[in-house]
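Worksheet: the structure to be examined is printed underneath.
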Amino acid sequence: MEKNRIEAFSDGVFAIIITIMVLDLKVPDHADISALKPLLPVFLTYVLSFVYLGIYWNNHHHLLKAARSVNGAMMWANLHLLFWLSLFPFVTGWMGENHFTTSPTALYGGVLLAASVAYYILQNAIMAQHDCDSKLARAIGRDWKGKLSPVLYATGIGLALVRPWFSCVVYFGVALMWLIPDRRIEKVINELEDGD
């Protein structure tokens, strides 16, 4: 299989996930601005999930560009990641509709944790195509955000049992951490394309 097929399939899944999430946003019954107030938790959860999906889509794109070829392990690892991401509409809706209560907030963190582990597995499947001392391996090896994120998600899940709003602050903080551009892989891809 060519890389562009797995990229196109993944892009389609990302688009469907976002579409399902936006369709879950309900329009208020009346035109008064106060009708939006009860929808604020739903909207905030949607924004957080949209940002996460954007982060995953961006990093997924760069990671697939770094792959030399597509193999079975990479395809299954990619499907594993897409499975966890496909649960975003459900956990987003449940957490937002229930105004950040304990169980929905903990489950939201659980899906974030599982998606980060799945991304790590995909990253390793792609890394297996490269030497241990390759530029890509060196770039990914210093992945402090990738190592810190699962720890923070687990902390958020624990906090949901005590103070669910603190969990949301942690989840939001991790998203902000990933919004800061990380051009390590992009730089390596450019170098590989230039023949360095």
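The values are calculated or read from the model by the stated rules, or taken from the named source; none is laboratory data. All of these numbers come straight from a predicted model, not from anything done at the bench. Methodologically, a virtual Cβ is constructed for each residue, glycine included, from the backbone with ideal geometry; neighbour enumeration extends over all protein chains shown. Please note that ligands, DNA and RNA were not included when accessible areas were found on the heavy atoms of the full protein model with its side chains. Shrake-Rupley method; radii C 1.70, N 1.55, O 1.52, S 1.80 Å.
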| request: Find the residue count for the stretch 1-15, including only residues that are over 15 Å from L122 (Cα atoms), at pLDDT below 90 and either touching a Ser or Thr at 6+ places or on another chain (Cβ under 7 Å) or assigned to a helix (DSSP H, G or I) (or both). | output: 1
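Residues are listed down the side, and each one gets a yes or a no for (1) surrounded by 19 or more Cβ atoms within 10 Å (Cβ to Cβ); (2) assigned to a helix (DSSP H, G or I); (3) touching an Asp or Glu at 6+ places or on another chain (Cβ under 9 Å); (4) at pLDDT 95 or above:
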site: I140; (1), (2), (3), (4): yes, yes, no, no
site: K145; (1), (2), (3), (4): no, yes, yes, no
site: V151; (1), (2), (3), (4): no, yes, no, yes
site: L159; (1), (2), (3), (4): yes, yes, no, yes
site: C168; (1), (2), (3), (4): yes, yes, no, yes
site: Y171; (1), (2), (3), (4): yes, yes, no, yes
site: V174; (1), (2), (3), (4): yes, yes, no, yes
site: I185; (1), (2), (3), (4): yes, yes, no, no
site: L192; (1), (2), (3), (4): no, yes, no, no
| task | State which residue pairs qualify: first residue among the β-branched types (V, I, T) and inside the stretch 62-80, second residue crowded, with 16+ Cβ neighbours inside 10 Å in any location, beta carbons under 9 Å apart, and separation of 6 or more residues or different chains. | result | V70/I6; V70/L64; V70/N78
| query | Given the conditions (1) over 15 Å from the mean Cα position of the chain (by Cα); (2) buried (at least 16 other Cβ atoms within 10 Å of the Cβ), which single one is not true for K26? | reply | (2)
| the stretch 88-107, subset among the aromatic types (F, W, Y) and assigned to a helix (DSSP H, G or I), residue nearest to P38 (Cα to Cα) | W94
| query | Can you tell which of L48, L79, L85 is part of a helix (DSSP H, G or I), open to solvent by 70 Å² or more (accessible area, probe 1.4 Å) and of a type in the set (A, V, I, L, M, F, W, C)? | reply | L79
| query | Does the stretch 88-99 contain any residue that is within 22 Å of A137 (Cβ to Cβ) and touching a Leu at 6+ places or on another chain (Cβ under 9 Å)? | reply | no
| query | Is it true that Y119 is under 28 Å from G158 (Cβ atoms), open to solvent by 20 Å² or more (accessible area, probe 1.4 Å) and assigned to a helix (DSSP H, G or I)? | reply | yes
| query | For the stretch 152-168, which residues satisfy the criterion of being of a type outside the set (F, W, Y) and either closer than 23 Å to H62 by Cβ or in contact with a Lys or Arg (Cβ under 9 Å, 6 or more places away or on another chain) (or both)? | reply | L152
